[in-house]
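In what follows, a structure is listed as structure tokens, so that the remarks can point back to it.
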Amino acid sequence: MENLIKKIKEYNPEVDTALIRKAYRFAQDAHFGHKRKSGEPYFIHLLATAMILSEWKMDTASIVAGFLHDSVEDGAAKREDLLKEFGETVTGLVDGVTKVGEIHLRNSTNEEFVENLRKMFLAMARDLRVVTIKLADRLHNMRTLEFQPPQKQKEVARETLEVYAPLAERLGMGEVKGELEDLSFPYLFPEDYKWLKSYSAPAYKEAEDHVRDAKRKLLTNLAGENIQATIHGRSKHIYSLYRKLLRPEINKDISQIHDLVALRILVKSVEDCYMALGVIHKTYKPVPALGISDYIAVPKPNGYRSIHTKVFGPGGRIIEIQIRTTEMHDEAENGVAAHWYYSHVKNQSLSSADRDKKAFAPEDKLNWVKQIANWQKEVADNREFLQTLKIDALSHRIFVFTPKGDVKDLPAGATPIDFAYAVHTDLGKHLGGAKVNGKIVPLDHKLKSGNVCEIILTKEPRKPNADWLEFVVTNLAKREINRRERKSA
Ligand code: MN
């Protein structure tokens, strides 16, 4: 407990320690005599959840709710007591976490599943802290999944892989997403997991050796240019490696993977990021075809910022290097959570409650959360809602650029028509043709991440072609095409 308080004070000196201690005692009482499958007191789970939330630098209300999240549902507490002792905000968070927890993929009908997902997205759109607490809860349950019976292990792992890991990714919590996937992997694909563990071990070892040499040399050269930097190696998550190896062009050949162990360079300022990039390219030649991705100039839609470059490292072996500031690093690891922390620091003039409200209101950076909440209001049919979710929120995304460098976040398989409607409905109405990277492409062309897409406009508005419905993938494009079809019919 003292450890926890100390940890929170490091990033939030004004934390209400009395309230945290009160939550600790309340949880102990509510779960008195209550044991987990492992035989440990249930309370351990609540302490662990609060600890994880403090690692993500979350606010006081979230950590308090972390302690209390099972006290009504699984413990002996009453909701009224919670409300009386901890107030509306905390009780609202606990309610939200309970609702989100009602999702069960296997033991529910499709309709129930959809209804629960609806609730989840509604709760999330209202307050992002709910999902963060739920993710901390799930992370600890996954870390201790070995104590559950085999059937339950598979169900929980599958739900984690299908719902919670993509959620973490969408919230910019890259590290959490990676850990959730890695924890699910052995339960869902035990044979493949065993195979990959032994197949990849020597390759990881070799990559670590190469990266260690590169690290030493880069530290020296960066110091020579007076750039203060810390460098560490980051091993690729094993499930992410697994997915990559299954791609047809890779065909399970691990020598095709260049970021098995990547180097991560942390510096003090954005300026230093670019200075460091110069030093790296002077030390090791960049790989022409693989190139540099500058997510500082153009961040990913989930807010991710960093510069990535691939270079010919020691012995001519290709290594990936990622350059970022400490703030960018925190955000990339912890997403929304770090976002709260930095927004809190920057808005010192506001009252503490206003700061939290501002930090957790879904804003443009997390626009998709708002979109989902809106869609679910519009879409009456449950099946269509599920389709919307699967296609637009939980499937793989691509990032396509406008000629001005704005980025659009689209589902994989999106066409220039989807892109046009995503940029502006007017573009859809005047859609004459499209160019990708300067070359004219057919309208059913499948866009790829990193493409620059330009829409060629007609002078007069043009009626959409019903055939487009055959290949567009976003709900926005489908809806607009349908609407204008109906109008003109
Ligand atoms: Mn729990």
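Side notes on the structure shown:
- Using θ = phi - 60° in the Karplus curve 6.51 cos²θ - 1.76 cosθ + 1.60, the 3J(HN,Hα) couplings for region 314-320 round to x, x, x, 7, 6, 10, 9 Hz; x is entered for Gly and Pro.
- The label-point distance for Ile250 and Thr17, in a model that sets each label 7 Å from Cα toward Cβ, rounds to 4.7 nm.
- Put simply, the amide H of Met173, placed in the peptide plane, has neighbours under 5 Å in Val336, leaving out anything fewer than 5 places away on its chain.
- Over 28 Å (Cα to Cα) - which of Lys194/Lys236; Lys154/Lys252; Lys22/Lys57; Lys99/Lys300; Lys197/Lys310; Lys6/Lys197 fall in this group: Lys99/Lys300; Lys6/Lys197
- Surface share of carbon and sulfur [accessible, 1.4 angstrom probe, percent] for region 190-334: 52 percent
- For region 150-166, 3J(HN,Hα) computed residue by residue from phi via the Karplus equation (6.51, -1.76, 1.60; θ = phi - 60°) reads x, 5, 5, 4, 5, 4, 5, 5, 5, 4, 4, 5, 8, 10, 7, 5, x Hz, glycine and proline entered as x.
- Solvent-accessible surface of region 396-488, taken per residue with a 1.4 Å probe and all protein chains present: 54 Å².
- Signed unit charges on C-beta, dipole axis of region 14-88, positive-most listed residue Ala18, Met58, Leu46: Leu46
- Most to least accessible of Trp468, Trp195 (protein chains only, probe 1.4 Å): Trp195, Trp468
- Solvent-accessible area of Arg305, all protein chains in place: 70 Å² (probe radius 1.4 Å, heavy atoms, ligands and nucleic acids excluded).
- Residues whose placed amide H lies under 5 Å from that of Ile456, excluding near-sequence neighbours: Gly432, Gly433, Ala434, Lys435
- Lys310, Lys197, ranked by accessible area, largest first (probe 1.4 Å): Lys197, Lys310
- For region 176-186, backbone phi angles converted through the Karplus equation (6.51, -1.76, 1.60; θ = phi - 60°) give residue-by-residue couplings of 5, 4, x, 5, 4, 5, 4, 6, 6, 3, x Hz, Gly and Pro being listed as x.
- Solvent-accessible area per residue, Å², over region 142-281 with all protein chains present [probe radius 1.4 Å]: 49 Å²
- Dipole in debye (nearest 20) - region 181-320, about Cα centre, beta carbon charges: Lys, Arg +1; Asp, Glu -1: 120 debye
- Lys/Arg +1, Asp/Glu -1 at C-beta; region 190-334 dipole; positive extreme among Ile280, Leu263, Leu246: Leu246
- At R0 = 56 Å, FRET efficiency that the Cβ-Cβ distance of Asn482 and Lys84 yields, to 0.05: 0.65
- R0 of 60 Å, Cβ-Cβ distance Asn3-Lys448: FRET efficiency to nearest 0.05: 0.80
The values are calculated or read from the model by the stated rules, or taken from the named source; none is laboratory data. What you see is a predicted model; the values in this text were computed from it and never measured. All Cβ positions, even for glycine, are placed from backbone atoms using ideal geometry, and neighbour counts span all protein chains on display. For accessibility, only protein heavy atoms count, side chains too; no ligands or nucleic acids. Shrake-Rupley method; radii C 1.70, N 1.55, O 1.52, S 1.80 Å.
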